[in-house]
1. Do the conditions hold for residue 129, that is, is it in contact with a helix residue (DSSP H, G or I) (Cβ under 9 Å, 6 or more places away or on another chain), touching a residue at least 40 places away in the same chain (Cβ under 8 Å) and more than 13 Å from ligand 1 (Cβ to nearest atom)?
2. Considering (1) modelled with pLDDT of 95 or more; (2) surrounded by fewer than 18 Cβ atoms within 10 Å (Cβ to Cβ), say which one residue 116 fails and leave the rest.
3. Could you tell me how many of the residues in the stretch 68-83 are touching a strand residue (DSSP E or B) at 6+ places or on another chain (Cβ under 7 Å) and either modelled with pLDDT under 95 or surrounded by fewer than 20 Cβ atoms within 10 Å (Cβ to Cβ) (or both)?
4. Take the residues in the stretch 197-211 that are buried (at least 16 other Cβ atoms within 10 Å of the Cβ) and out of contact with any strand residue (DSSP E or B) (no Cβ under 7 Å at 6 or more places or on another chain); name whichever of them is modelled with the highest pLDDT.
5. Considering only residues of the stretch 91-109 that are under 18 Å from the mean Cα position of the chain (by Cα) and over 14 Å from residue 141 (Cα atoms), which is farthest from ligand 4 (Cβ to nearest atom)?
6. Out of the residues in the stretch 225-254 that are at pLDDT below 95 and in contact with a helix residue (DSSP H, G or I) (Cβ under 7 Å, 6 or more places away or on another chain), which is farthest from residue 54 (Cα to Cα)?
7. Among the residues of the stretch 1-57, which ones are under 21 Å from residue 274 (Cα atoms), modelled with pLDDT under 95 and touching a strand residue (DSSP E or B) at 6+ places or on another chain (Cβ under 8 Å)?
8. Return only the number of the condition from (1) touching a residue at least 12 places away in the same chain (Cβ under 8 Å); (2) exposed (fewer than 14 other Cβ atoms within 10 Å of the Cβ); (3) within 29 Å of residue 249 (Cα to Cα) that residue 58 does not satisfy.
Ligand code: C2E
Ligand code: CA
Ligand code: CA
Ligand code: CA
């Protein structure tokens with residue numbers, strides 16, 4: 001193993017780097033961000049697909065997407081630090097911050113009289129170790145006067161790589177708390193259909209990669225149709241993400257999907273901008 005040296009070392013070095021930046025630098029940036037309070041949740045609106053008028057669709061809720069607001073680097077997107085945080089374990093602390101912040105937002109919505117819209121947060125598989133996320137959610141619902149049904153936890157398919165029994169136990173417990181679960185990036189990961197029908201997801205999110213070429217590629221359109229039909233037949237609400245074109249929305253609307261999320265309808269924005277745009281005339 002030692003002679004194959006060069007290639008092996010290259011391999012190790014590459015995996016310890018992300019976008020050319022050493023892991024320890026990212027770890028330091030994340031630690032600083034956690035102590036200095038540089039993390040922000042941006043909100044991207046999610047709309048009812050069956051809205052009669054797609055120009056003014058009905059708002060169903062929002063997905064919370066994390067950003068790191070660095071004083072020198074500016075807005076750092078999650079793709080540049082989430083994977084690193086998963087490696088260093090800092091994702092647990094980030095995940096806890098995200099859930100606390102989401103609860104604060106839901107309290108604010110409640111104060112504004114908005115009790116019918118949901119907030120969806122992303123969770124990493126690592127947050128399911130030692131039932132961390134389950135305990136965090138229990139504690140959250142004790143400490144904040146929020147309706148659990150307004151909270152959605154999005155998990156990606158790579159979650160399936162963890163122990164199925166522990167996962168099923170936690171997902172079922174989370175559902176019993178009244179919190180909804182969304183299967184994110186569906187179709188991109190380690191697809192295991194038996195898990196899909198076996199785990200209590202209420203929402204299925206069709207990944208953007210199935211949306212991009214839906215207008216031009218017949219093959220992609222058929223694939224999308226199968227995925228949507230599968231979710232629907234399992235009684236899940238199908239949310240289509242990454243919708244950028246009107247034509248894409250129309251194709252999925254005809255399939256009877258539940259909701260849309262994408263640049264066509266709205267980009268992720270700071271909470272303040274979201275409230276101004278969507279909750280301005282909420283009964284305060
Ligand atoms: P995701 O959960 O699949 O989130 C959707 C991503 O697609 C977001 O990127 C969003 O800005 C982007 N997007 C939405 N509509 C469109 C569209 O029409 N076109 C295109 N091209 N993109 C669109 P973002 O905010 O950069 O987040 C990237 C990923 O980072 C997320 O993918 C999620 O996996 C992860 N992430 C974000 N926030 C969190 C968090 O709080 N915790 C964890 N664990 N992961 C997070
Ligand atoms: Ca209201
Ligand atoms: Ca997501
Ligand atoms: Ca997604």
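1. Details: in contact with a helix residue (DSSP H, G or I) (Cβ under 9 Å, 6 or more places away or on another chain): yes; touching a residue at least 40 places away in the same chain (Cβ under 8 Å): no; more than 13 Å from ligand 1 (Cβ to nearest atom): yes.
When the stated conditions are applied, residue 129 does not pass them.
2. That leaves (1) as the condition not met.
3. Just the residues of the stretch 68-83 that are touching a strand residue (DSSP E or B) at 6+ places or on another chain (Cβ under 7 Å), to begin with: 68-70, 75-78, 81, 83.
Then drop every residue that is not either modelled with pLDDT under 95 or surrounded by fewer than 20 Cβ atoms within 10 Å (Cβ to Cβ) (or both), which leaves 69-70, 75-78, 83.
Matching residues across the stretch 68-83 total 7.
4. Residue satisfying both the conditions and the ranking: 210.
5. Ranking the qualifying residues of the stretch 91-109, first place goes to 93.
6. 234
7. Filtering the stretch 1-57 for residues under 21 Å from residue 274 (Cα atoms) gives 37-49, 51, 53-57.
With the extra rule that they be modelled with pLDDT under 95, the set shrinks to 51, 53-57.
Residue satisfying the conditions is 57 alone.
8. Residue 58 satisfies all of (1) touching a residue at least 12 places away in the same chain (Cβ under 8 Å); (2) exposed (fewer than 14 other Cβ atoms within 10 Å of the Cβ); (3) within 29 Å of residue 249 (Cα to Cα) except (1).
The values are calculated or read from the model by the stated rules, or taken from the named source; none is laboratory data. The shown structure was predicted, so the numbers you read here are calculated from the model rather than taken from an experiment. Neighbour counts run over all protein chains shown; Cβ positions are idealised from the backbone, glycine included.
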